[in-house]
Every structure is written in C-alpha cells, then in structure tokens.
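For reference, the structure discussed in these notes is given below.
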Number of protein chains: 2
Amino acid sequence: MKLLVVGSVAFDAIETPFGKTDKILGGAATYISLASTILKVKSGIVSVVGGDFPQSDLDMFEERGINIEGIEVVKDGKTFFWSGKYHNDLNSRDTLVTEVNVLENFDPKIPDSMQDSEILVLGNLHPGVQLSVLEKMTSRPKLVILDTMNFWMDTAWDLLVKIIGKTDVITINDEEARQLSGEYSLVKAAKKIHKMGPRFVIIKKGEHGALLFHDDMIFAIPALPLEEVYDPTGAGDTFAGGFAAYLAKKEDFSFETMKSALIVGSAMASFTVEKFGTQKLQEVAEGEMIARIKNFKELTTFEVEV
Amino acid sequence: MKLLVVGSVAFDAIETPFGKTDKILGGAATYISLASTILKVKSGIVSVVGGDFPQSDLDMFEERGINIEGIEVVKDGKTFFWSGKYHNDLNSRDTLVTEVNVLENFDPKIPDSMQDSEILVLGNLHPGVQLSVLEKMTSRPKLVILDTMNFWMDTAWDLLVKIIGKTDVITINDEEARQLSGEYSLVKAAKKIHKMGPRFVIIKKGEHGALLFHDDMIFAIPALPLEEVYDPTGAGDTFAGGFAAYLAKKEDFSFETMKSALIVGSAMASFTVEKFGTQKLQEVAEGEMIARIKNFKELTTFEVEV
C-alpha cells in the first residue's frame, strides 16, 4: 500500500542542553515520510515550501523514493520556520520563533499519481486544511490517520471536531487527550474520543510510552529507556510515520497489526531523538531497526506463574 | 521463604476528588504485609503503635497469618497519623497533618520467631531505624529490599547512603531517583544507584509503570490503565509487598524472577488504588489476582515481523 502524507516541510532551529543547530530540515511531513522509507514503503508528500528551500533536500526525498510532485514551491515565498529551546528535562520547550510564511495560504494539491493512496496521514496542520485534503481525494482512502495538537483545540474547535469525525485513527498526546475529552482518566478520555469518530485512539506519552485503544481493548507499551535524548523534535511525527508505514506494508488494519505498528513507530521515534533533526532517521538501516524492535521485545517480555 | 517487614503501622485520613475518610488503617508495613498474604506468603511486621490502635486491626493481621509479635504497643502513646488531600489529577497531594507520635522513638525489636526470615523489606522510615534493624538481625537475610523517599535525602543523607550500601534491591520513584543520583536520564540514574550498592534498582513511575535495572539489563512495564483511581495511598507499598512476596514464593532472586515479581507488584498496586485505604487489598482473592496478571499479559503482548 501507498501513503499520502500531508503536513509541513519546514526549517527548524533547535537548542537543547546538548547543543544547538542553525536552520535544518524539519516539518511533520518530512519526519513521517522519512520514517516510511526505512520500511521501504512508498509515500508521497503534499506540502508547500518557499524559494529558499534547498534543492538538495528535495533531491534527498526523491532519492529515498518519496514522491514530491505534491510539494508546491512558491518561488518568492519563504519556507515555514520554527525555532525552539528545550528545557533541561527535554519534556518542555519554549518556542522562540514561528514564521508561518508560505504555510499561511497553503492550498494542498493532490497529484494524480497519489490519488490511489490507500492510507492518508494528516500531519499536524490547521484542521481546515486537513479537511480540504480529504475532500480533494477522488475516493476516500481505506485508512485516515490524523495528528493534531492543543493549539487547534483553542483556535479551530469546530473544524477540528469535523475532521476528527472523519478519521479512523487519531494520534494525540496525553495532555491533549485530556483537553479534547475533558476527562482526566486516559481510559475515559479514549472512550469519549472514540465517540467523536476514530475507531482507534493512540495516546502518546513521550518517555512514558504509548497506549492504543480500540473498542474495549487496550494495548500499552513503555518507551525504550535511552541513556541520552539529544533532541525530541519530530519524535511524534516519526512515530506516526513508522506506525502508518507498518500498516501499509502489512496491508492490514486489525487491532493485532495496529499493536505491532505501535512498536515499530516507537522504535523509529527512539532513533529520531538520538541526534538532531532528521539526521539519525536518514542514517538508519532496516537491520538496525529490526535490532531495535528485538530490544523492545526483550524489554517487555515476561512470564508469570503465581 | 518468609518476609520480615519493617515500617509504619498507622492511621490515615484521606481526601480525594471521590470522597474522604476518617482515620483508617494505613502505613507502609500494613500494605506490604497485606499484599504478601494474597500470595499466602508468611510475613511478620516490626513496628510500633499506640494504645489507640484497635485490637480488631491486630486481630485482622493475625487472622491473615501475619506474625504481629514485632508490633510493639505503647499503651500511653498515640499511633502515627497522616492526613492528606489529593489534587484532581491524583498525581500530587498536600499533607494536611503529620503526627509522628510513637514512631518518634521507635526502637525496632525483632522477635526470635522472625530472625530466620530470608527476605527483609525495609519500608519507608528514617534510614537510621532501617540500619538498626539490619544490625539487629543475627544473620544477614538473603535479600534486603529498601524503600525510601526524598524527605530522607534532604534530612538524613549520610545514613541513607549507608543503608542503601547494604541493600540488594531499592525501590524509588522517578523524581527520587533523579534527586538521589543527580542524573535526569533514568538509565544514567540507575547506573549511579547501582554503584551505591543495590544490584537491582526499581524505578516506580505511578500511572506510567515501572522500570527494573540489573547490570546492563532493563525491564519496563506500563501500568494497567484504570478507568478510575480512587485513592493512590499505599500503592507503592503494595507494589513492594507483592514484589517481595513473589520472590519469597519462588525462592529465587534471578533477573527473570524479579521481572515477574514486578508484574505481580503492579497488579496488586492496581487493586489498592481502586478503593480507599486497604479495603480492596483485604477483599482480593488469589483468583482475582491471577486474572489481573493475565490482563497485564494481554495488555503488553505483541508480535512484530518487519
């Protein structure tokens, strides 16, 4: 199966306790698509960049087999730019700069070559833009995966509820799940979010792992404990990309396959945070990924006989 | 094997968003021993209570097979009393009242009938008292499990380091592990704590599960997601009790058995939080516990083939 990935392709400038970067490649669609290439799953990006976006990055996408026909280049515009500084615990950060630039008037165009994508991954964007993508598909994809954030709950609630209602899988962090549902218990929160539309609710908890809810079933995983986390930027998007790519590869959307996909997404995210930006994700070979999934298995497997 | 449990036997008055209690039975040693009775493991408590402590609670301990010869009753003294109010998220609380009472001059006495205990569980107490217990044992127990808290890091550092140095297993929460080690990464924190003495380091993360470290091996589990948590009081002590009791039952201290013990401890703790105080723990039958462990297995089991 093929992934259609909609989201930002951007510049990030990141500061963490371990160092800082100048403008480097970032954006939700970037991380999602790069993650999918590790599993050798075909994807195409729908996004917009400015004339300042390096041809070398576009070439890199193509070399990795990512369809970039849907990346519009606005010659006299500037690429979306975000700059942030992480606190010592890496669990919180301050945004220093947000320049929306060409993303302000983003009108997504889906290339004909990607209209037959079975899985649509809607990366974090204005929910109105996410809705317009779904409307522009000539037929509904078999699976729609949505990522969003608290900012849209505060500023575009009605449109957000509308796109959530058209979604099969939502990925959201624990605080956002609580805000979206008004429930503190994540079990209760997931039940309310189910009722808003998505059959599958994934709650991301960063260093504490992730939860997958479907009907009355729950699957829970810890995160791989890491000695060093250099840069958490893109971890959630990488997770979504690995998750979606595994489903595409297996061509199956059962709860059992979703569970495995959660592991794959987490393993991929654990790579992303080990270096700045997309660096580690661009280096990872499939064998390394398989070894990390094996680590996950060892980390969590037990037998009990009382 | 037999457990010797040292810790508070106390009164708690608890307020949570779901209700409040008058003075009810509490204390670290209470939860630890009650948890062990569910696995039908023999234990004895070393503690001190006042003349106000109900005979009915002492009878309850005895009926459940707990040796209470080591519980000193100070007729003209008052039992340790703690009162606290949990915030809406149940992850934080304010202490309203702490009356140390008879615990102030606690001089633990180990009954001859418990000198042959193979496992010593040192519940959270002043590290000086914990040390004195170890010195009063005629021979060192095969396994010493220590629980402690940040309060002793602030007020009795040298004694705390000394008792940690004599310990095989330490259980500690994530914030305390960071404070004790000066490391933010829990992997690094565990390595430093290993060097202080304990061969096994358990980091408790409440609703986020727990981690077990031994040499270069790590085992991680999520917590069982619960729809309602009524009262977190005693969850950590119940965890320690279930953990220790499983080791006693299996008569084995290998990493593999410790992993299983972590699951048993977590399953038991998930019962404790479902009702106020020790109520649920007193009701749980072995079969219910086995069913919950099965839930844990379902919650965390996966297969991935990339």
>> more than 9 Å from chain B (Cβ to nearest Cβ), crowded, with 23+ Cβ neighbours inside 10 Å and within 24 Å of A:ILE119 (Cβ to Cβ): is that true of A:ILE172 in this structure?
In response: yes
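Does segment A:263-272 contain at least one residue that is farther than 17 Å from B:LEU299 by Cβ, in a helix (DSSP H, G or I), within 10 Å of another protein chain (Cβ to nearest Cβ) and out of contact with any strand residue (DSSP E or B) (no Cβ under 7 Å at 6 or more places or on another chain)?
Filtering segment A:263-272 down to residues farther than 17 Å from B:LEU299 by Cβ leaves A:264-265, A:267-272.
Filter once more, so that each one left must be in a helix (DSSP H, G or I): A:264-265, A:267-272.
Subsequent filtering for residues that are within 10 Å of another protein chain (Cβ to nearest Cβ) retains A:264, A:267.
Remaining after also requiring out of contact with any strand residue (DSSP E or B) (no Cβ under 7 Å at 6 or more places or on another chain): A:264, A:267.
Looking through segment A:263-272, at least one residue is farther than 17 Å from B:LEU299 by Cβ, in a helix (DSSP H, G or I), within 10 Å of another protein chain (Cβ to nearest Cβ) and out of contact with any strand residue (DSSP E or B) (no Cβ under 7 Å at 6 or more places or on another chain).
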>> Given the condition part of a helix (DSSP H, G or I) and either under 27 Å from A:PHE296 (Cβ atoms) or free of Cβ contacts under 8 Å to residues at least 60 places away in the same chain (or both), answer yes or no: does some residue in segment B:195-203 qualify?
In response: yes
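Could you tell me which of the residues B:ASP154, B:ASP94 is outside any loop (DSSP other than H, G, I, E, B) and out of contact with any strand residue (DSSP E or B) (no Cβ under 9 Å at 6 or more places or on another chain)?
B:ASP154
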> Got a number for residues in segment B:206-229 being touching a Pro at 6+ places or on another chain (Cβ under 9 Å) and aromatic (Phe, Trp, Tyr)?
Replying inline: 1
>> Against the conditions (1) more than 24 Å from B:TYR184 (Cα to Cα); (2) in contact with a helix residue (DSSP H, G or I) (Cβ under 8 Å, 6 or more places away or on another chain); (3) assigned to a helix (DSSP H, G or I); (4) free of Cβ contacts under 8 Å to residues at least 24 places away in the same chain, where does A:GLU256 fall short? Just the number, please.
In response: (2)
> Tally time: how many residues in segment A:226-236 are modelled with pLDDT of 95 or more and either under 25 Å from B:THR300 (Cβ atoms) or of a type in the set (A, V, I, L, M, F, W, C) (or both)?
Replying inline: 2
>> What's the number of the only condition in (1) over 30 Å from B:ALA248 (Cβ atoms); (2) in a strand (DSSP E or B) that B:LEU120 fails to meet?
In response: (1)
> Here are some residues: B:LYS275, B:LYS280, B:LYS294, B:LYS250. Which one is more than 12 Å from chain A (Cβ to nearest Cβ), without any contact (Cβ under 8 Å) to a residue 24 or more places away in the chain and among the basic types (Lys, Arg)?
Replying inline: B:LYS280
> Which of the following residues is assigned to a loop (DSSP other than H, G, I, E, B), surrounded by fewer than 21 Cβ atoms within 10 Å (Cβ to Cβ) and small (Gly, Ala, Ser): A:SER139, A:SER132, A:SER83?
Replying inline: A:SER139
> Are any residues in segment B:291-306 at pLDDT 90 or above and not β-branched (Val, Ile, Thr), and if so, which ones?
Replying inline: B:ALA291, B:ARG292, B:LYS294, B:ASN295, B:PHE296, B:LYS297, B:GLU298, B:LEU299, B:PHE302, B:GLU303
> What are the residues in segment A:61-78 that are part of a helix (DSSP H, G or I) and surrounded by 16 or more Cβ atoms within 10 Å (Cβ to Cβ), if any?
Replying inline: A:PHE61
> Given B:VAL41, B:VAL100, B:VAL73, which one is within 14 Å of chain A (Cβ to nearest Cβ) and within 17 Å of B:THR30 (Cα to Cα)?
Replying inline: B:VAL41
> Among the residues of segment B:291-303, is any assigned to a loop (DSSP other than H, G, I, E, B) and not charged (D, E, K, R)?
Replying inline: yes
> From the set of residues in segment B:186-208 that are touching a His at 6+ places or on another chain (Cβ under 7 Å) and among the hydrophobic types (A, V, I, L, M, F, W, C), which is nearest to the other protein chains (Cβ to nearest Cβ)?
Replying inline: B:VAL201
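Scan segment A:210-237 for residues that are in a loop (DSSP other than H, G, I, E, B), facing another protein chain (nearest Cβ under 7 Å) and surrounded by fewer than 23 Cβ atoms within 10 Å (Cβ to Cβ) and report the count. Lay out the reasoning, then the answer.
Initially, segment A:210-237 is screened for residues in a loop (DSSP other than H, G, I, E, B), giving A:215-216, A:222-234.
Right, trim to facing another protein chain (nearest Cβ under 7 Å) and you get A:222, A:225-228.
Those still in the list that are surrounded by fewer than 23 Cβ atoms within 10 Å (Cβ to Cβ) too: A:225-228.
Residues flagged as in a loop (DSSP other than H, G, I, E, B), facing another protein chain (nearest Cβ under 7 Å) and surrounded by fewer than 23 Cβ atoms within 10 Å (Cβ to Cβ) within segment A:210-237 amount to 4.
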> Across segment A:175-193, what is the number of residues that are at pLDDT 95 or above, surrounded by fewer than 18 Cβ atoms within 10 Å (Cβ to Cβ) and within 20 Å of the chain's Cα centre (by Cα)?
Replying inline: 1
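The values are calculated or read from the model by the stated rules, or taken from the named source; none is laboratory data. Here the structure is a predicted model, which means the values were calculated and not measured. Here Cβ is always computed from backbone atoms with ideal geometry, including for glycine, and neighbour counts include all displayed protein chains.
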